[in-house]
Amino acid sequence: MAETATTSLTIAELREFASFSGAEQRYIKRSLDVGLGRQDAFKAWARDAAERASIRSQYCAYQDLKVLRGNVPSQHALGPLEAFLGKLIRVAAFDLAQGRIESFSAFRFLYERLLGADARPFLPSAFCAAAALPQIRPAARKLLLQSISEAAATAPGWSAREPAFYPEWIEAEAA
């Protein structure tokens, strides 16, 4: 029974990922390579000098992920909240400013994998704060903020289940 539930949840994660735009899917996979150190993102993802520069910036911005992973505060503790959310908003603002994450759903999908299930309760506030910053183009700001549902913004609880599906780069084989 537990295996069936896990399989169903994994399929739901696959479907959710498939619902994202191609640009979002590509950015999520690249971001997981950078943030989780899975492979050399320059080799896998850089198609030109602009992308190499973007990946280099992303490596720098994602340095805070190491600190964030180990310091997710309790939902009831206010003391460590400032340090955690401040860093999380800064990293989130970097990702949203790239213009490749188009919705809260894609943002949540990425950050659940970068930070783990314990960070889920903080993702709506970090997303809204980052999306509202002046560094985000006004048209993008509007679309991003409209993408978070009332249910996501006001959820009474969050699953503690870690994500099961981590999308990866797949090298196309030569025919």
Only one of Arg26, Arg15, Arg30, Arg100 is within 18 Å of Ile148 (Cα to Cα) and basic (Lys, Arg). Can you tell me which?
Arg100
Inspect all residues belonging to region 53-62 and state whether any of them is of a type outside the set (Ser, Thr, Tyr) and more than 25 Å from Ala129 (Cα to Cα).
yes
Considering only residues that are hydrophobic (A, V, I, L, M, F, W, C) and assigned to a loop (DSSP other than H, G, I, E, B), which ones fall in region 22-46?
Ala46
Any idea which of Ala117, Ala131, Ala106 is under 25 Å from Glu16 (Cβ atoms), touching an Asp or Glu at 6+ places or on another chain (Cβ under 7 Å), aliphatic (A, V, I, L, M) and crowded, with 19+ Cβ neighbours inside 10 Å?
Ala106
Subset of region 18-43 (residues that are over 17 Å from Leu96 (Cα atoms) and crowded, with 17+ Cβ neighbours inside 10 Å):
Asp33, Ala41
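All of the numbers you see were taken from the coordinates with simple rules; none came from a lab. Everything numeric here is computed off the predicted structure, so don't read it as measured data. Don't worry about glycine lacking a Cβ; one is built from the backbone with ideal geometry, like all the others, and counts go over all protein chains shown.
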